[in-house]
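Here is the structure we will look at.
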Amino acid sequence: MIILIVVIVLLVLLTVSYQNKFVKLHERVKNSWSQIDVQLQKRVDLIPNLVETVKGYATHEKETLDAVISARTRYTTASTVDEKMKASGELSGLLSRLMVVSESYPDLKANTNFMDLQKQL
């Protein structure tokens, strides 16, 4: 009977220990996602400045600029982690396309505001 009680007590202690470990790991994951979300939000907040800078030089690239703006909107309205990650991936692709478009405009590439925004992104 004593052995059974000892085994049960050990199982309870083990369960409590693992429960605490899982809670701690869950909180660590939430904290990590929060840090990622902050960095992604900073990037998204820079996009309007970038679009305005490019708009002044590349007036006929309206389709690319509109796509970047709508991708930014999808990111800011996303409510789940999966939606945010999908929108962020789409936004990254469109920003790459925007950077390629900027190669066609030497004046834009020489603009210090554009260069600073590009570096930050």
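The values are calculated or read from the model by the stated rules, or taken from the named source; none is laboratory data. Every value quoted in this text rests on a predicted model; they were computed, and no experiment measured them. Heads up, the Cβs are rebuilt from the backbone with ideal geometry, glycines too, and the neighbour counts pull from every protein chain shown. In case anyone asks, the SASA skips ligands and DNA or RNA and just uses the protein heavy atoms, side chains included. Shrake-Rupley method; radii C 1.70, N 1.55, O 1.52, S 1.80 Å.
Here are the numbers for this structure:
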read-out	value
Residues located in the range 66-116, provided they are free of Cβ contacts under 8 Å to residues at least 40 places away in the same chain and basic (Lys, Arg)	Arg72, Arg74, Lys86, Arg97, Lys109
Top-ranked residue in the range 104-117 [being charged (D, E, K, R) and in contact with a helix residue (DSSP H, G or I) (Cβ under 7 Å, 6 or more places away or on another chain); ranked as surrounded by the most Cβ atoms within 10 Å (Cβ to Cβ)]	Lys109
Residue check, Val9 modelled with pLDDT of 90 or more and either under 17 Å from the mean Cα position of the chain (by Cα) or over 30 Å from Asn113 (Cα atoms) (or both)	yes
Any hit, the range 34-45, residues being hydroxyl-bearing (Ser, Thr, Tyr), in contact with a Ser or Thr (Cβ under 8 Å, 6 or more places away or on another chain) and either open to solvent by less than 70 Å² (accessible area, probe 1.4 Å) or without any contact (Cβ under 8 Å) to a residue 60 or more places away in the chain (or both)	no
Any pair with Cβ under 6 angstrom, 6 or more apart, that starts in the range 46-57 at a residue that is in contact (Cβ under 8 Å) with a residue 24 or more places away in the chain and ends at one that is surrounded by fewer than 17 Cβ atoms within 10 Å (Cβ to Cβ) and assigned to a helix (DSSP H, G or I)	Leu46/Gln120; Thr53/Asn113; Tyr57/Asp107
Where Pro48 falls short, out of the listed (1) farther than 18 Å from Leu108 by Cβ; (2) touching a Lys or Arg at 6+ places or on another chain (Cβ under 9 Å); (3) not β-branched (Val, Ile, Thr)	(1)
Residue ID - nearest to Lys30 (Cα to Cα), chosen from residues in the range 47-102 that are in a loop (DSSP other than H, G, I, E, B) and open to solvent by less than 30 Å² (accessible area, probe 1.4 Å)	Ala78
